[in-house]
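Below you will find the structure I want to go over with you.
The values are calculated or read from the model by the stated rules, or taken from the named source; none is laboratory data. Because the structure is a prediction, the values reported are computed rather than measured. Glycine gets a Cβ as well: all are built from the backbone with ideal geometry, and neighbour counts include every protein chain shown. Accessible surface areas use protein heavy atoms only, side chains included; no ligands, DNA or RNA. Shrake-Rupley method; radii C 1.70, N 1.55, O 1.52, S 1.80 Å.
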There are 2 protein chains.
Amino acid sequence: MARPRNFEEAEVLEGAVKLFREQGYDNTSVPQLIEKLGICRQSLYKEYGDKRGLYLRALERWGQREIDSKLILLASEGSPFENVLTVVRGWAAYASQCPGGGCMTVTAIVETRDDKEASAIVEKQVDRFERGFLEALGKAKELGEIKPKIRPERLARTLISACYGIGVLNRLEGSAPRIRDTVSLLLEVLHNARQS
Amino acid sequence: MARPRNFEEAEVLEGAVKLFREQGYDNTSVPQLIEKLGICRQSLYKEYGDKRGLYLRALERWGQREIDSKLILLASEGSPFENVLTVVRGWAAYASQCPGGGCMTVTAIVETRDDKEASAIVEKQVDRFERGFLEALGKAKELGEIKPKIRPERLARTLISACYGIGVLNRLEGSAPRIRDTVSLLLEVLHNARQS
DNA sequence: GATGTTTCAGAATGAATGTTCTACAACGAG
DNA sequence: CTCGTTGTAGAACATTCATTCTGAAACATC
């Protein structure tokens, strides 16, 4: 009953994630978004309200995708402790594969410190990630995979810190050795926590 | 032989550090700088070239001050290992004292990813910091304060990662427990590395 | 084929940005 | 005092930004 839209919701959001992730919020202009996303001005404003609206949706989508994949790994069958190791290794591998490139969440933490709505989205995702670690470690403890005196909460929180620390340093050229050694030491800590 | 200037170099730079640190580069406007720094437009441009010039100077000053204070602590008399502990504890204490507030270096890493000059300044400071840790840990090893099998490089790199990881998380509300546990675990790792 | 509705494409708008220009003020030297 | 120099104050400028507005285009229905 009307002219068909020329864009696909999913593609637009995906493109927005890409642009905002690579360039940040301020350095991505509306004209640029229009050009790269294949959506016209009017539709963008009709669909998302404004630039910030699109950003928030993109941020949420990025976090959802990023964290979901980790949670699936953490909750998958087999040894929960091994799953934790897999996620940590994977996080590090991702960093080393795209040096300089980056996690949108890290950018958002720094960029949107005064935007409560954006902060809430980020916090939610980080919390989900941490809970994922915590549940896996809790299960590992129940299964006797880690020593009784180890506190899963503390380990989970440290893993989160390490992950986002890696996320920042990955933005800094010449930090590959730092990331490598950090992960190596982290894995050693985990190894020591293991019930042998 | 001319009209005396109405501003003090040091004050201007100090104010610029404060503003850029709190708000970032993009969100700090030239009018705002003029208003808060007590320097007039013309003088700002004459003295620093442009806004970015002032930012680079401010970034350098911040890094200089921040890292210098750590290096002094790390190289001070007494046990080098204890000095490392002091700096780590101090870094964490600073974070917990100003939650949400932040290290200008962390912001710069994220904000200025395409600015080679700014990146160079940041890298230089981070390297200095890491070398400070490394030298202290090296001395500690010579003195037999840490176990022979411990590699100071790896430990130093990990400490850097942890510090800047803390710097990011400090921007995220509700991360105080994460920071606390991370430091606690970090100190435990150091404790285990100690030659008892 | 005409009508109604939704999308599209781009011009128009108004505010904010960084930077430059202009006129005036304050000093030291002659 | 007068002149040359340097700093100040703020107007003026060009650009860019996010956003809104305008008119044509593309479909479904009648």
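Could you figure out which of (1) within 16 Å of DNA strand D (Cβ to nearest atom); (2) open to solvent by less than 10 Å² (accessible area, probe 1.4 Å); (3) in a helix (DSSP H, G or I) isn't true of residue A:136?
For residue A:136, the exception is condition (1).
Could you list, in sequence order, all residues of region B:139-170 that are part of a helix (DSSP H, G or I), charged (D, E, K, R) and free of Cβ contacts under 8 Å to residues at least 24 places away in the same chain?
B:141, B:142, B:153, B:154
For region A:91-114, name all the residues that are open to solvent by less than 30 Å² (accessible area, probe 1.4 Å) and either of a type in the set (A, V, I, L, M, F, W, C) or closer than 17 Å to residue A:162 by Cα (or both).
A:91, A:92, A:95, A:102, A:103, A:104, A:105, A:106, A:107, A:108, A:109, A:110, listed by residue number.
Moving to a separate point now. Please find, among A:24, A:53, the residue that is more than 14 Å from chain B (Cβ to nearest Cβ), within 15 Å of DNA strand D (Cβ to nearest atom) and touching a helix residue (DSSP H, G or I) at 6+ places or on another chain (Cβ under 9 Å). Even if it seems obvious, please write down each step before you answer.
On the way: A:24 fails: more than 14 Å from chain B (Cβ to nearest Cβ).
Result: A:53 is the single residue among A:24, A:53 that is more than 14 Å from chain B (Cβ to nearest Cβ), within 15 Å of DNA strand D (Cβ to nearest atom) and touching a helix residue (DSSP H, G or I) at 6+ places or on another chain (Cβ under 9 Å).
Another question about this same structure. For residue A:11, which of the numbered conditions (1) away from DNA strand D (no atom under 15 Å from the Cβ); (2) open to solvent by 50 Å² or more (accessible area, probe 1.4 Å); (3) farther than 15 Å from residue A:122 by Cα; (4) modelled with pLDDT of 95 or more fails to hold?
(4)
Working only within region B:113-163, note down all residues that are within 8 Å of chain A (Cβ to nearest Cβ) and either of a type in the set (Ser, Thr, Tyr) or over 30 Å from residue A:111 (Cβ atoms) (or both).
The answer is B:119, B:153, B:154, B:155, B:158, B:161.
Somewhere in region B:171-179, is a residue modelled with pLDDT of 95 or more, charged (D, E, K, R) and either part of a helix (DSSP H, G or I) or surrounded by fewer than 24 Cβ atoms within 10 Å (Cβ to Cβ) (or both)?
Within region B:171-179, one or more residues are modelled with pLDDT of 95 or more, charged (D, E, K, R) and either part of a helix (DSSP H, G or I) or surrounded by fewer than 24 Cβ atoms within 10 Å (Cβ to Cβ) (or both).
I would also like to ask the following. Against the conditions (1) assigned to a helix (DSSP H, G or I); (2) away from chain A (no Cβ under 14 Å); (3) surrounded by fewer than 17 Cβ atoms within 10 Å (Cβ to Cβ), where does residue B:74 fall short? Just the number, please.
Here residue B:74 meets the rest and fails (3).
Might you let me know whether region A:15-38 holds any residue that is in a loop (DSSP other than H, G, I, E, B), within 14 Å of DNA strand C (Cβ to nearest atom), open to solvent by 40 Å² or more (accessible area, probe 1.4 Å) and of a type in the set (Ser, Thr, Tyr)?
yes
Out of contact with any Lys or Arg (no Cβ under 6 Å at 6 or more places or on another chain) and either among the basic types (Lys, Arg) or more than 7 Å from every other protein chain (Cβ to nearest Cβ) (or both), is that true of residue A:178?
So residue A:178 does not fit the description; no.
Of the residues in region B:49-71, how many are surrounded by 14 or more Cβ atoms within 10 Å (Cβ to Cβ) and either outside any helix (DSSP H, G or I) or in contact with an Asp or Glu (Cβ under 7 Å, 6 or more places away or on another chain) (or both)?
Counting residues in region B:49-71 that are surrounded by 14 or more Cβ atoms within 10 Å (Cβ to Cβ) and either outside any helix (DSSP H, G or I) or in contact with an Asp or Glu (Cβ under 7 Å, 6 or more places away or on another chain) (or both) gives 1.
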